[in-house]
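J.: Pasting a structure below so you can have a look.
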Amino acid sequence: MNKPFENVAATGAALRLNIDGAHYLGLAAAPERIARRLSIAVSPRAYLPEIDDLRSDWVASVAVPAFKLVRQRQGVQPAFCAIGTGVGLDALSAIETLGATRVGITDVHEEVVAAARANILANLQPTHPVRVESGHGDLFEPLRDLRPRYDLIYENLPNIPIEDAERIAHARTSSSHLPPRTEEIPALVRAQLLSLHYLALQQAHDFLEPGGAVLSMLGSRIPLAVYEEMARLAGHRGEIYTYGWKLQADAEAVLQGHAAQQRAGYGPFHFYRAGHLADAFAGVDLATSGEQAHAIEARLAPARLDPQQAWDALQRGEPIGHTFVVLRSRPERSA
């Protein structure tokens, strides 16, 4: 029997992943629009997908279920855009689950975008061609000259600021940390480390088709009401589309990073023991999880751990997780 995933180290600087498409997307049958076995090159500056633990992989465990729900509720989304695409698995997932035939992708580094574009084009079924619009740089800026419009925009952007210019230039991957921003950002948004998500929502007005929406992937370590207010401040009406939980990936780095940010006056941030999360979400159906989100959050409140408490529990061998939110935002003028 073939293993679902086989990591193969390339002879150059990149890693190549061989992924069973049906397993990754949670499909009962083989994919129709993308390759059955995906061959994915990972640039050294791109975040490595968690393909051996899909519950920790953002695209597989959070984005794909949300895409399927969008397809069920809103139908085919012909034009899809991924801001901060990484290796391009988000776009490939949208092509298969949403029926996208035109995709836009951006990321910070040129080599990341080049690899993602190649991954998308190399893993399409010949019977389902897709137009790919791509560019590297800040948020939507690489696509601005093309003046595209999209039915669905997906963003999964970093939260933690990084001040050191040398680290930004040489050590930063496309998925971890962000340089300081010069734009005017509401204090609430900045204090909760949501600057990039807010700016993406602001810029999205120029890139959405009428009736289009933005899906923001958010590691929900702050109150749910903040996300809805962030959308409002950016000129959108936001709804908690899905709500769930996942184990904290890169737990040591993330917990220490959030502890440092909270000491600096940001937050406060909330984590949970995995057992408490499993109990709180037991029996919750994805399709109705957004409607139940505030009630679940209230039930979880007594179990909250701040980053330092979560770190201490992790050192004792206790699995630590956090909730996640898929926020669906539509411009106020069309909501």
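J.: Take peptides 114-124, 84-94, 223-233, 100-110 and line them up by average Cβ neighbours within 10 Å, highest first, as a rough protection proxy.
T.: 84-94, 100-110, 114-124, 223-233
J.: For residue 237, list long-range residues whose amide hydrogen, built 1.01 Å from N in the peptide plane, is under 5 Å from its own amide hydrogen.
T.: Hits under the 5 Å cutoff: 330, 332.
J.: Hey, could you grab the Kirkwood Rh for the chain? Inverse mean 1/r over distinct alpha carbon pairs, Å, one decimal.
T.: About 20.2 Å for the chain.
J.: Sticking with this structure for a sec: Output wanted: per-residue J couplings in Hz (rounded whole) for the stretch 24-32, from phi through Karplus 6.51 cos²θ - 1.76 cosθ + 1.60, θ = phi - 60°, x for Gly and Pro.
T.: Residue by residue, the stretch 24-32 yields 4, 8, x, 9, 6, 10, 5, x, 9 Hz.
J.: For residue 53 and residue 29, FRET efficiency with R0 = 30 Å and r from the beta-carbon atoms, rounded to 0.05?
T.: E(calc), rounded to 0.05, equals 0.80.
J.: Continuing with this model, one more query. Where Lys and Arg each count +1 and Asp and Glu each count -1, what net charge lies around residue 101 among other residues with Cβ under 10 Å from its Cβ?
T.: Spelling it out: positives minus negatives among the neighbours equals +3.
J.: Something else now. Please list, in order, the residues from the stretch 283-298 whose amide nitrogen is less than 19 Å from a point placed 7 Å along the Cα→Cβ vector of residue 188.
T.: Of the residues in the stretch 283-298, 293-295, 297-298 have backbone N under 19 Å from the label point off residue 188.
J.: Continuing with the same structure: Report the gain in length on full extension from residue 292 to residue 127: 0.36 nm times residue separation, minus Cα-Cα distance, nm rounded to one decimal.
T.: Working it through step by step, the gained length comes to 55.3 nm.
J.: DSSP loop GluC sites (Glu not before Pro) in the stretch 251-335 with at most 13 other Cβ atoms within 10 Å of their Cβ, which ones?
T.: Qualifying residues, ordered by number: 332.
J.: Would you kindly derive the ³J(HN,Hα) couplings of the stretch 148-158 from the backbone phi angles with the Karplus curve 6.51 cos²θ - 1.76 cosθ + 1.60 (θ = phi - 60°), listing them in order in whole Hz, with x for Gly and Pro?
T.: x, 10, 10, 6, 9, 10, 10, 9, 9, 10, x
J.: Tell me, what ³J(HN,Hα) does each residue in the stretch 265-276 have, in order and in whole Hz, if you take phi through Karplus 6.51 cos²θ - 1.76 cosθ + 1.60 with θ = phi - 60° and put x for Gly and Pro?
T.: x, 8, x, x, 10, 10, 10, 9, 5, 4, x, 5
J.: If the chain between residue 284 and residue 18 were fully stretched, how many nm would it gain, using 0.36 nm times the residue separation less the Cα-Cα distance?
T.: 92.5 nm
Here, each number is a calculation from the coordinates, and none is a lab measurement. All values reported here derive from a predicted model rather than from experimental measurement. Cβ coordinates were reconstructed from backbone atoms using ideal geometry, including for glycine residues, and neighbour counts include every protein chain displayed.
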